[in-house]
Amino acid sequence: MKKTRLLVLMLALALLVCGAIGITASAETEPTLTLKKNVSFVDTPSLVFAVEGVEAEADVELRVYASAEATEYYTATAIEGGVVIDEVEYPAFYLAGIYPKDIANEVYVKAVSGDKESAMLRYSILEFALEGIDTYKGVNDELAAFYQNIIDYSSGIQKYIGDTDTNVADYNYVKVEDGTIGGYSTAVLADGEYTVTLTGSAPAGLTHIGWTVGATEFTGNTVTISESCTVAPKYEASNNPVMSDYQTFSDITLNGTTLVGTKKMNKVSVATLKTGETVEIADDPTDAANKVLKYVDIVQSSGASAIRVGEAQVSQAISTFEARVYIPSADYKHEGTREYIGQWGFYKGGDKKTAFDISYDAENNFVISCSNTEENDSIEGSATYKVDADTIFDQWVVIRFEHHNSTDTTKIKTLVYINNQLVLTCNRYKDAADVNNFRVCGYSSSAGTVYFDDMSFTEVAFPAE
């Protein structure tokens, strides 16, 4: 019982300190409980948590998982009587003591009380220490030294016993603005390359193109971490206007094979269909109350465009097609071969200018590959983008193709974005010419279903130089 009382006292004081640091809970869904986190140094160091959102005497359990994806868990030990912070009582818990050599070990916890639960929270004593250094260095050097001593002591023990894992002194504390690494906005990372995911939105008139790590800039979503730092999104002025005038399919009528649109520059029509192809308005596969465009191709052969979007034309313009896309994985699972989802691209009338083969390959990759052969040598780029198909299939994703077409071939390129992140700068093209529509059609062995919503085609002139 003595240890419990001391833990209560230490937790109450420590949470007040951590309040200045900024107690956070990483949430993927809207939580109904909030976890507060800290460390107690009574006996062996212990991770401690308080639960906000229920009465102190409520029936609450703290579940401890081995990873964010794990389903099995054990429950942490409750602190008798909870804790009082700023005159408010909270249920509280502590985990078994952690040896100094193991302070980098992370735990994943979630609070549950009846039908209420918190977001999953990841924490370690090392994060506690690194966050403290980041917060108080140059502000309160004595307190910063306290946090540094935790790392120095554990580092020395690891070196003495010959621990072969990364030494705790070699980890970095990383904060991400408007984004996440590994699903979290803060992370404790060894030196190396990491993928950053944008969670915020680009400001009006700007496009997200990469990240800055301290004073170093990275294009794309892979960054190199070599010290404690803040990772911030990098933007550039966008030639693509804010897409607020989408073509949606709740008020559109199906007239023969023609879909009659109502929005300027966003006309959607259906060209000649092959036997086995269908285009119709259907229920959203995730929300039957929403109507979407359903394209089905079951003939496994190339053909003319099935869906055409756009009718505007601005001489030597930047043309943009954007849509929400849903691709059911069941239609494309196979073994040992590439299967095409379709061919999508920019046209002038019926003449193809720059097109992309959309496919699913034998290694479970979703692939966007430009089928043109001419190359703009003045622009650094590539023709192909690959990503794990599980990040695309069975969910709505926003895909945007931004084509810069000009008689000046040094300006020709196509930028491809997925969920507002630049994934491909393509410097391939067919010829220097205007375009006035975007087309979606089946290609080669394509056979399956693709749903479209919020479709838009716009064009703007090149900005004056």
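The values are calculated or read from the model by the stated rules, or taken from the named source; none is laboratory data. A quick note: this is a predicted structure, and the numbers were derived from the prediction, not measured. Cβ: placed from backbone, ideal geometry, glycine included. Neighbour counts: every protein chain shown. Note: areas computed on protein heavy atoms with side chains; ligands, DNA, RNA excluded. Shrake-Rupley method; radii C 1.70, N 1.55, O 1.52, S 1.80 Å.
Here are some notes:
- The condition of being at pLDDT below 75, among the hydroxyl-bearing types (Ser, Thr, Tyr) and touching a Leu at 6+ places or on another chain (Cβ under 9 Å) holds for only one of SER305, SER269, that being SER269.
- Condition met for SER124 (within 19 Å of THR34 (Cα to Cα), open to solvent by less than 20 Å² (accessible area, probe 1.4 Å) and in contact with a Pro (Cβ under 9 Å, 6 or more places away or on another chain)): no
- Residue check, ASP394 at positive phi and at pLDDT 90 or above: yes
- Residue list for the stretch 105-121, filter: part of a strand (DSSP E or B) and either open to solvent by 10 Å² or more (accessible area, probe 1.4 Å) or within 13 Å of VAL39 (Cα to Cα) (or both): VAL107, TYR108, LYS110, VAL112, SER113, LYS116, GLU117
- Of all residues in the stretch 422-447, those being within 20 Å of TRP396 (Cβ to Cβ) and open to solvent by 10 Å² or more (accessible area, probe 1.4 Å) number 2.
- When restricted to residues that are touching a residue at least 40 places away in the same chain (Cβ under 8 Å) and polar (S, T, N, Q), the stretch 104-140 contains 4.
- Restricting attention to the stretch 161-178, the residues that are surrounded by fewer than 19 Cβ atoms within 10 Å (Cβ to Cβ) and modelled with pLDDT of 90 or more add up to 8.
- Yes/no for ILE412 being over 21 Å from ALA432 (Cα atoms) and open to solvent by less than 10 Å² (accessible area, probe 1.4 Å): no
- Residue in the stretch 60-72 that is at pLDDT 90 or above, open to solvent by 40 Å² or more (accessible area, probe 1.4 Å) and more than 20 Å from TYR184 (Cβ to Cβ) present: yes
- Taken as a whole, the condition of being open to solvent by less than 20 Å² (accessible area, probe 1.4 Å), more than 30 Å from GLN148 (Cβ to Cβ), in contact with a Phe, Trp or Tyr (Cβ under 7 Å, 6 or more places away or on another chain) and at pLDDT below 95 does not apply to GLY220.
- Residues of the stretch 275-292 that are at pLDDT 85 or above and under 25 Å from the mean Cα position of the chain (by Cα): ASP284, PRO285, THR286, ASP287.
- Taking the conditions (1) open to solvent by 30 Å² or more (accessible area, probe 1.4 Å); (2) touching a residue at least 60 places away in the same chain (Cβ under 8 Å) in turn, GLU57 satisfies each one other than (2).
- Hits in the stretch 448-465 (condition: outside any loop (DSSP other than H, G, I, E, B), modelled with pLDDT under 80, open to solvent by 20 Å² or more (accessible area, probe 1.4 Å) and of a type outside the set (Val, Ile, Thr)): ALA461
- Residues within the stretch 322-373 that are at pLDDT 85 or above, among the hydroxyl-bearing types (Ser, Thr, Tyr) and either under 23 Å from THR286 (Cβ atoms) or surrounded by fewer than 15 Cβ atoms within 10 Å (Cβ to Cβ) (or both), tallied: 3
- Pairs linking a residue in the stretch 141-160 that is touching a residue at least 24 places away in the same chain (Cβ under 8 Å) to a residue that is open to solvent by 50 Å² or more (accessible area, probe 1.4 Å), with Cβ atoms under 7 Å and 6 or more positions apart or on different chains, are ILE151/ALA169; SER154/LYS101; ILE157/LYS101; GLN158/LYS101.
- ILE133 being open to solvent by less than 70 Å² (accessible area, probe 1.4 Å) and within 21 Å of GLY183 (Cα to Cα): no
- GLU127 at pLDDT 90 or above and either among the charged types (D, E, K, R) or in a helix (DSSP H, G or I) (or both): yes
- The stretch 223-252 - residue that is surrounded by fewer than 16 Cβ atoms within 10 Å (Cβ to Cβ) and at pLDDT below 60 and, of those, farthest from GLU177 (Cα to Cα): ASP251
- Conditions (1) touching a Cys at 6+ places or on another chain (Cβ under 9 Å); (2) surrounded by fewer than 20 Cβ atoms within 10 Å (Cβ to Cβ); (3) within 30 Å of GLU280 (Cα to Cα): number failed by SER382: (3)
- Scanning the stretch 375-389 for residues being modelled with pLDDT under 90 and of a type outside the set (Val, Ile, Thr) gives a total of 8.
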